[in-house]
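Reviewing the structure listed below.
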Amino acid sequence: MSTKNKIHFILILFTGILIYGCREGSKEKTEKQLVETSLDTLQATVITEPVEYDSDDPAIWINRQHADKSLIIGTDKDSDGGLYAFDLKGNIMKKVKGIKRPNNVDIAYDFQLNGKKVDIAVVTERERDKIRVFTLPDLEAVDKGGIDVFVGEAERAPMGIALFTRPSDQQVFAVVGRKSGPSDGYLWQYKLMDNGGYVRGQLVRKFGKYSGKKEIEAIAVDNELGFIYYSDEQTGVRKYLADPAANNNEELALFAQSGFSKDHEGIAIYKTGQETGYILVSNQGSHTFMVYPREGAKDDKNAYPLLAEIPVSAMETDGADATAVSLGEQFPAGILVAMSTDRTFHLFDWRKVSERIKQVR
């Protein structure tokens, strides 16, 4: 090998070593960043088995005799979708198939049906313009095929749902949202009643403003305080009175208007006292939850300052739910449940959620 070729070979070798070293250093830095990011993200204590198509919205059913045997009820959003029941270890315990694009689900306790008190799950069936009613925990249909909603409207397609149980008489109402609708009267509220052993619905109210930017899917009800909250996507969270007998359709608040990278999605309410606790709203594009005081600000109950933003392992969360009820040794302070785009639902030990809120506050 000539002297010139030797020099050329050495230069190539030296350059290769430099490039390899830089690449290795970059790789180490990237891995370190990933570890730091992973540590910063709140990891789920339990992740459920995946549904078949597209997980969308969870609701927590509390077994009042054996809290550790409570269930997560979740939707699988597809034309051949279903309603699933998971145990607190994430195992699929039962599923009902053949629901035409089930979207959101909510739960009510002690509904009077055929002379007995039963717990029910109510789910929107988007492609049939109905809401469906199932008993819990067995998921048996008690609706004769479903209750028609938004009858007479050009745009129906029900999506969001929340159940309000009026404390004074235990009457249950379903608040239903849809894919699109008018700028006012976007939500319709139905009184649920026994019809000879089956559930029927009676329209009692139309209310709720809508920005027109996207859609309204996430709805949550605070039974004790008597409020309805719903996500007007890309706008904020709107607040109304829940009881139709109040004859008040005025908007009480519009909050959570800033800090969201994409859509305002799932709303979960965690109660720490009669009036205290947290409202958690999914910041879908950032894979985080924005946390607000349930009781509002000290000088204004309709003002909701941001308390914390918590990154979570659940990806692009649509639906969410929470409870402060102790669910056994694994979840003694309750849980936060969030849908994730990998077809699962993530269960977070509330103690860890609480730690994150306290770190910021």
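The values are calculated or read from the model by the stated rules, or taken from the named source; none is laboratory data. The structure displayed is predicted, hence computed values, not measured ones. Glycine also receives a Cβ, built like all others from the backbone with ideal geometry; neighbour counts cover every protein chain displayed.
Structural remarks
- Any chance TYR240 is over 25 Å from TRP350 (Cα atoms) and of a type in the set (Phe, Trp, Tyr): yes
- The requirement of being at pLDDT 95 or above, assigned to a strand (DSSP E or B) and over 19 Å from the mean Cα position of the chain (by Cα) is satisfied by ASP119.
- Entry remark, the stretch 83-116: residues being of a type in the set (Gly, Ala, Ser) and part of a strand (DSSP E or B) number 3 in total.
- Residues in the stretch 169-181 that are outside any strand (DSSP E or B) and modelled with pLDDT of 95 or more were compared, and the one that is farthest from VAL122 (Cα to Cα) is ASP169.
- Matching option when the condition is of a type in the set (D, E, K, R) and either on the phi > 0 side of the Ramachandran plot or buried (at least 23 other Cβ atoms within 10 Å of the Cβ) (or both), among ARG156, ARG128, ARG132: ARG132
- Residue match in the stretch 290-299 (condition: assigned to a strand (DSSP E or B), without any contact (Cβ under 8 Å) to a residue 24 or more places away in the chain and surrounded by 15 or more Cβ atoms within 10 Å (Cβ to Cβ)): yes
- Close pairs (7 angstrom Cβ cut-off, 6 or more residues apart or separate chains): buried (at least 17 other Cβ atoms within 10 Å of the Cβ) and assigned to a loop (DSSP other than H, G, I, E, B) in the stretch 135-146, at pLDDT 95 or above and among the basic types (Lys, Arg) anywhere: LEU139/LYS94; ASP143/ARG132; GLY146/ARG128; GLY146/LYS130; GLY146/ARG132
- Close pairs (7 angstrom Cβ cut-off, 6 or more residues apart or separate chains): closer than 21 Å to LYS209 by Cβ in the stretch 161-180, among the basic types (Lys, Arg) and assigned to a strand (DSSP E or B) anywhere: PHE173/LYS191
Residue-by-condition table, conditions (1) touching a Pro at 6+ places or on another chain (Cβ under 9 Å); (2) without any contact (Cβ under 8 Å) to a residue 24 or more places away in the chain; (3) over 22 Å from SER286 (Cα atoms):
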{"residue": "ALA314", "(1), (2), (3)": "no, no, no"}
{"residue": "GLY319", "(1), (2), (3)": "yes, no, no"}
{"residue": "GLU329", "(1), (2), (3)": "no, no, yes"}
{"residue": "ASP349", "(1), (2), (3)": "yes, no, no"}
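- From the options GLU309, GLU265, residue that is surrounded by 23 or more Cβ atoms within 10 Å (Cβ to Cβ) and either on the phi > 0 side of the Ramachandran plot or acidic (Asp, Glu) (or both): GLU265
- Single residue of ARG132, ARG126, ARG156 found to be within 22 Å of ILE62 (Cβ to Cβ) and among the charged types (D, E, K, R): ARG132
- Residues (in contact with a Phe, Trp or Tyr (Cβ under 6 Å, 6 or more places away or on another chain) and over 13 Å from VAL353 (Cα atoms)) located in the stretch 259-281: ILE267
- Looking at GLU251, GLU265, GLU355, GLU275, just one residue is acidic (Asp, Glu), out of contact with any helix residue (DSSP H, G or I) (no Cβ under 8 Å at 6 or more places or on another chain) and closer than 14 Å to TYR229 by Cβ, and that residue is GLU251.
- Residue within the stretch 275-285 that is at pLDDT below 95 and not basic (Lys, Arg) present: yes
- Residue match in the stretch 50-58 (condition: touching a helix residue (DSSP H, G or I) at 6+ places or on another chain (Cβ under 7 Å) and aliphatic (A, V, I, L, M)): no
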